[in-house]
Amino acid sequence: MEQFVVTGGARLGGSVSVLGAKNAVLKHLVATLLAPGSHRLENVPGILDVHIMCRVLEHVGASCAIAGSTIDIDVPVHLRPEAPIDLVRQMRASILVLGALLARCGEARVALPGGDDFGSRPIDMHLGGLESMGATFDLVHGVLHATAPDGLIGADVHLEFPSVGATENLLLAGVMARGTTTIGNAAREPEIQDLAAFLGAMGARISGAGTSTIVVEGVPSMSPAIHRVVPDRLEAGTYLVAGAITGGDVTVTDCVPEHLRMELRKLVEAGCEVTTGDDWVRVVGPERPLPVDFATLPYPGFHTDMHPQMVALLTLASGTSVMTENIYSARFRYVGELNRLGAEVTLEGQHLIVRGVATLSGCPVDACDIRAGAALVLAGMVADGYTTVVDAQHIDRGYHDFVPKLASLGAEIRREDVPG
């Protein structure tokens with residue numbers, strides 16, 4: 001087990017670049033299973049989840065060769081239509097092999113997914129949509145057995161909620177289904193648009209990606225493709241908040257500012273100076289943040305994966321802020337850790353009441369998930385003394401070179417083994 005040790009007090013400054021989005025590349029890797037042959041993904045982050053998903057693909061029968069920020073994936077004609085529990089339980093995105101394997105093989109055996117513990121996140125919408133396309137399911141000892149004996153058939157599916165995962169699973173299933181599939185109340189995230197672009201390069205016929213209605217005209221077969229993964233807006237947002245919380249001056253490059261519209265608006269409300277270019281954002285933090293109210297919502301709303309970082313910033317605000325979590329019901333395990341640092345954050349239902357304090361004080365804390373871990377590191381950068389953030393592997397699942405990048409901006413941070 002490893003930990004991050006952060007010494008507070010440094011104002012961050014300088015420029016840092018980001019790579020491709022974790023929430024895009026994992027889905028692209030699954031999409032390669034739809035077409036036998038050699039694919040290439042570029043701008044890929046070297047994060048733990050990418051390596052786990054490559055192991056899932058290798059179990060299915062593909063081979064993955066990683067060289068820097070490029071992955072070459074060779075997909076055979078015949079696949080093993082199953083994803084093993086020891087891999088699936090580590091990462092929720094692995095449920096997407098369900099739609100891809102059904103489309104390609106007509107069957108799939110997938111363990112129920114794991115990943116970060118944010119409370120109940122049922123896959124009912126995934127299964128309901130796939131059932132309407134002709135799939136049948138049987139749950140045996142925690143493994144979902146799916147079959148489409150007559151092949152998948154296009155259908156009109158209206159989602160109860162604009163679920164990213166369900167939208168992606170239906171996209172992957174629909175591209176080779178017979179007929180036309182319409183996904184109503186679809187998720188609109190940039191990562192959805194990027195997946196549609198990659199599938200389009202493979203020969204899929206998709207219209208409406210990025211809107212609430214996506215139409216997929218099934219094709220009989222797909223071809224391998226080369227694709228550059230869309231930049232990671234969450235990594236970019238995290239480094240921008242790092243600049244803001246330290247009262248620093250940080251520029252993030254190789255990003256898409258438009259993908260952070262709501263997050264940047266809230267940073268401006270908190271007293272930050274924000275300027276943008278075609279592929280960069282600069283944030284100059286205030287001496288002390290102003291209180292801000294915000295709520296997490298599907299895109300283009302405030303991203304739930306930026307909620308912990310923003311709360312860390314607001315712990316030092318000159319007043320009281322209210323944060324409402326509308327996506328994941330149990331995304332609050334980190335609050336107790338933040339309060340150990342001296343924050344005054346109270347949970348009331350799905351709301352966090354954040355009463356700003358003058359200072360935080362360093363102490364040992366636990367990174368219980370990817371974004372919570374990042375938020376605790378940011379808080380540690382402004383806490384008196386030093387803060388140790390254990391369970392560093394959680395942060396590794398979402399951030400490439402997290403310590404070197406923060407250190408390049410002037411943060412006093414190091415990675416080390418946990419004693420004993």
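Taken together, the values in this text are just the output of simple stated rules run on the coordinates, not laboratory data. Source: prediction; values computed, not measured. Cβ: placed from backbone, ideal geometry, glycine included. Neighbour counts: every protein chain shown.
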Length-normalised contact order of the chain in % [C-alpha pairs under 8 Å, at least 6 apart]: 21
Helix 22-31 axis, angle to the chain major axis (alpha carbon atoms, nearest 10°): 10
Cα pair distances of region 49-100 binned at 10 Å [whole percent]: 25, 56, 19
Label-point separation, ASP72 to ASP138 (7 Å along Cα→Cβ), nm: 4.1
Pair THR180, THR275: separation of 7 Å Cα→Cβ label points (nm): 4.9
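How much net charge surrounds PRO36 when only other residues with a Cβ under 13 Å from its Cβ are counted (Lys, Arg +1; Asp, Glu -1)? The partial results should precede the final answer.
Details: positive: ARG104; negative: ASP74.
That works out to 0.
Length gain on complete extension for the stretch GLU58 to ARG261, per 0.36 nm per residue less the alpha carbon to alpha carbon distance?
Values: separation 203, 0.36 × 203 = 73.08 nm, distance 3.75 nm.
This chain segment gains 69.3 nm when fully extended.
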In Hz, Karplus ³J(HN,Hα) per residue of region 169-179 (6.51, -1.76, 1.60; θ = phi - 60°; x = Gly, Pro): 4, 5, 4, 4, 6, x, 5, 10, 6, 6, x
Residue-by-residue Karplus 3J(HN,Hα) for region 244-257, coefficients 6.51, -1.76, 1.60, Hz, glycine and proline x: 5, 5, 8, x, x, 9, 10, 10, 9, 10, 6, 10, 10, x
Nonlocal amide H pairs with GLY37, under 5 Å, H built at 1.01 Å: VAL75
Among PRO286, PRO36, PRO220: highest mean-square fluctuation, GNM of the chain, C-alpha pairs under 10 Å: PRO220
Signed unit charges on C-beta, dipole axis of region 22-218, positive-most listed residue VAL97, THR136, ALA186: VAL97
Theoretical gain in end-to-end length, MET1 to ASP86 [0.36 nm per residue, Cα-Cα removed]: 28.7 nm
Overall form of region 181-241 per C-alpha gyration tensor (a/c, 1.5; a/b vs b/c): oblate
Selected from GLY218, GLY373, GLY319 as most flexible by GNM, with the chain as the system and alpha-carbon contacts under 10 Å: GLY319
Chain lengthening between THR211 and GLU131 when straightened (0.36 nm per residue, less Cα-Cα): 26.5 nm
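Using the Cα gyration tensor of region 22-218, with a ≥ b ≥ c the square roots of its eigenvalues, what is the shape: rounded (a/c below 1.5), prolate (a/b larger than b/c) or oblate (neither)?
Details: a/c = 1.30, a/b = 1.16, b/c = 1.12.
Because its axes are fairly even, with a/c under 1.5, region 22-218 counts as rounded.
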Choice from LEU352, LEU34, LEU101 showing the highest fluctuation, given a GNM over the chain with Cα pairs closer than 10 Å: LEU352
Isolated Cys in the chain, by beta carbon distance under 4.7 Å: CYS105, CYS255, CYS272, CYS363, CYS368
Given (i) 58, 57, 40; (ii) 73, 45, 44; (iii) 64, 45, 39, the label whose value is Cα extents along the principal axes in Å derived from this model: (iii)
Computed helical MRE - 222 nm, the chain, DSSP H runs ≥ 4 contributing -39500 (n - 2.57), nearest 500: -8500 deg cm²/dmol
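What net charge do the residues around LEU152 carry, taking every other residue with its C-beta under 12 Å from that of LEU152, with Lys and Arg at +1 and Asp and Glu at -1? Don't jump to the answer; show the numbers that get you there.
Numbers: positive: ARG104, ARG178; negative: GLU107, GLU131, ASP150.
Here the count lands on -1.
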Computed log₁₀ I(q)/I(0) - Debye formula, equal Cα scatterers, no solvent, region 279-392, q 0.23 Å⁻¹: -1.38
Counted charge near GLY356, where neighbours are those whose Cβ lies closer than 11 Å (Asp, Glu -1; Lys, Arg +1): +1
Helix 48-60 axis, angle to the chain major axis (alpha carbon atoms, nearest 10°): 10
